[in-house]
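What follows is a short report on a single structure.
Readers should treat all values here as calculations from the given coordinates under stated rules, not as data from a laboratory. Computed from a predicted structure; not experimentally measured. Note that we place each Cβ from the backbone using ideal geometry, even for glycine, and neighbour counts take in every protein chain shown.
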Amino acid sequence: MNQLAEQTGVTHYRDHDGAEMLRVSDLHAFYGESHILHGVDFEVRRGELVTLLGRNGAGRSTTLKSIMNMVGRRTGSIMINGNETLDVKPHRIPRLGVGYCPEERGIFASLDVEENLLLPPTVRSGGMSIDDIYAMFPNLYERRRSQGTRLSGGEQQMLAMARILRTGARLLLLDEITEGLAPVIVQALGEVLVKLKERGMTIVLVEQNFRFAAPLADRHYVMEHGRIIEEISAAELPSRREHLHSLLGV
Ligand SMILES: Nc1ncnc2c1ncn2[C@@H]1O[C@H](COP(=O)(O)OP(=O)(O)OP(=O)(O)O)[C@@H](O)[C@H]1O
Ligand SMILES: [Mg+2]
């Protein structure tokens, strides 16, 4: 077994040259008896930014959690970089290069910014250095000695994203990163996403703020009742915007 296979338990791991980074097929997910996802199908190619849109409760967060193996039970298929991961343990998923930024952000309130940045293990080569992080997030440099509790919502969000970039993740699953943030911070986050795309990152963005997501995305998937019901490419967006708005109820 090669080293990565040992770390991940994925014995048939190969560094896939094909364009597909993530393929979710007929995914069902359950919390206890509650059947939440009812056959989710979508794929994300390497270097793409796609959105998961939908009304509240559509199943977008559950889809990201399912990819991380953080829900009760799943059936179907989740291929990450060419590897079936349905039976891969939760703590091993990040080692496949997946970084997950949950709605609740998950930073350490009692630690300062720099301590938070030094904590994440490097699970793959190519993780960003502290200097790289400060270049991408100048606010975090200014606040590097501030405790997590003292950060603004926007600073906390940037710290949460910076932490996953430290790990070497190449596929980022970002859940509602703009929620509750001031427009100027939302704009700064948009600039960060553009830079991450330029670095070749693959990004799945769960977003309510469609105006934020629209100019960044290559494609949009719309979820409803635990399924993907529509796919709209950036090129199709101008002619299908009204249709999309009606699906989203905005
Ligand atoms: N831990 C849980 N146990 C049981 N049901 C849950 C749990 N988490 C979510 N659900 C239910 O699963 C459905 C999908 O929730 P999910 O969080 O995926 O929605 P969402 O699309 O992210 O929407 P939003 O973030 O706006 O609430 C909802 O009906 C929700 O009530
Ligand atoms: Mg959600």
Using Cα pairs closer than 8 Å and at least 6 residues apart in sequence, work out the relative contact order for the chain, in percent.
26 percent
Whether segment 3-248 is rounded, prolate or oblate, judged on the alpha carbon gyration tensor where a/c under 1.5 counts as rounded
oblate
Under 5 Å from the placed amide H of ASN209, counting only residues 5+ away or on other chains, we find none
Applying the gyration tensor rule to the Cα atoms of segment 11-132 (axes a ≥ b ≥ c; rounded if a/c under 1.5, else prolate if a/b exceeds b/c, else oblate), the class is oblate
Can you give me the relative contact order of segment 161-250 as a percent, contacts being Cα pairs under 8 Å and 6 or more apart?
24 percent
Compare the peptides 90-102, 65-77 by average per-residue count of other Cβ atoms within 10 angstrom and give them in order, highest first.
90-102, 65-77
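Quote the FRET efficiency, to the nearest 0.05, computed for HIS243 versus LYS197 with a Förster distance R0 of 45 Å and r equal to the Cβ-Cβ distance.
0.95
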Under a cut-off of 19 Å between alpha-carbon atoms, report the lysines in cross-link reach of LYS65, not counting same-chain residues fewer than 8 places apart.
LYS89
I need to check one value: relative contact order of segment 101-250, counting alpha carbon pairs closer than 8 Å and at least 6 residues apart, in percent.
22 percent
Roughly how far apart, in whole Å, are the Cα centres of segment 101-169 and segment 39-79?
24 Å
In what order do VAL113, VAL186, VAL24 fall by count of nearby beta-carbon atoms within 10 Å, going from fewest to most?
VAL186, VAL24, VAL113
Which value, in debye to the nearest 20, describes the size of the charge dipole of segment 95-248 about its Cα centre when Lys and Arg Cβ atoms bear +1, Asp and Glu Cβ atoms bear -1, and nothing else is charged?
400 debye
